Amino acid sequence: MRDSGVGRAIATLIGIVLVSVAIAMPLAVALAWPLIHVSESVLHLGCESNTIDGQQVWVCPDGIGYVFPGIALIVALTVIGVVIGVLWRREDLGPPEDRFTLAMIVSLAAGALALLVGAVITLCGLFDMSAAYGRWLIPVGLAVAAASLAALAALRQARLRATTNTIAALVVLGALIPIAGLGLPLVVALAGGFAVAAAMYSTTRTDHPSAALA
């Protein structure tokens, strides 16, 4: 019976994800042009400054340069939708026990993947110690690995699970976005995994303030 309950919770979560994607895609299209205008005309993100006839001219990426940031925007909006859906439709995810199990699955998957990413980045930095970029990669990789380890360790600490997963999501975003490049959508998805796990943990804590599910 418990397995079937968890299976229904997983199916419900998948449904929330699909609905969130369906909402995120047109919303991202609607937000794309205003965001591109602000990033180019106001913030000059990814643009290079040239001087032509004594005047400063900004040369910005063409449309193709915004494909991966656009995908990352869709992923971010999807994550927001999933978090809202989890909090709003918590009862549809089953009793607190099933939500707890599903939250652990999501947290474990995000933590394991983040730990792998952090280890790879750290190794890349170690093998490139001669360059400043390589030395900068080491603390980035260690920060991501530490955040993922904290999230995994918190699986045994009921009162820390939601908080630790939230912190892990912020660390992943803050550490990896500057070096993400074409991997930006994956970084947002990874941080989103921690955010969704934190939201699910918070629903079990609301029903069980004493954290009896530890």
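The values are calculated or read from the model by the stated rules, or taken from the named source; none is laboratory data. Model, not experiment: these values are computed from the prediction. Heads up, the Cβs are rebuilt from the backbone with ideal geometry, glycines too, and the neighbour counts pull from every protein chain shown. Accessible surface is based on the protein model in full, side chains and every heavy atom, while ligands, DNA and RNA are left aside. Shrake-Rupley method; radii C 1.70, N 1.55, O 1.52, S 1.80 Å.
Overview of results
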| quantity | calculated |
| --- | --- |
| Single unsatisfied condition, SER130 versus (1) modelled with pLDDT of 85 or more; (2) not in a helix (DSSP H, G or I) | (1) |
| ILE121 being at pLDDT 85 or above, open to solvent by less than 60 Å² (accessible area, probe 1.4 Å), more than 14 Å from GLY192 (Cα to Cα) and assigned to a helix (DSSP H, G or I) | yes |
| Test: residue in region 84-95 that is open to solvent by less than 20 Å² (accessible area, probe 1.4 Å), touching a helix residue (DSSP H, G or I) at 6+ places or on another chain (Cβ under 6 Å) and of a type in the set (Lys, Arg) | no |
| Subset of region 68-113 [touching a residue at least 12 places away in the same chain (Cβ under 8 Å) and of a type in the set (D, E, K, R)] | ARG89, ARG90, ASP92, GLU97, ASP98, ARG99 |
| The one condition in (1) outside any helix (DSSP H, G or I); (2) loosely packed, with under 13 Cβ neighbours inside 10 Å; (3) at pLDDT below 70 that SER41 fails to fulfil | (1) |
| Cβ-Cβ under 7 Å pairs, at least 6 apart or on other chains, region 142-160 side at pLDDT 75 or above and in a helix (DSSP H, G or I), far side open to solvent by less than 20 Å² (accessible area, probe 1.4 Å) and among the aromatic types (Phe, Trp, Tyr) | ALA151/PHE194 |
| Count of residues meeting criterion [at pLDDT 85 or above and either open to solvent by 20 Å² or more (accessible area, probe 1.4 Å) or farther than 18 Å from ILE105 by Cβ (or both)] in region 176-191 | 5 |
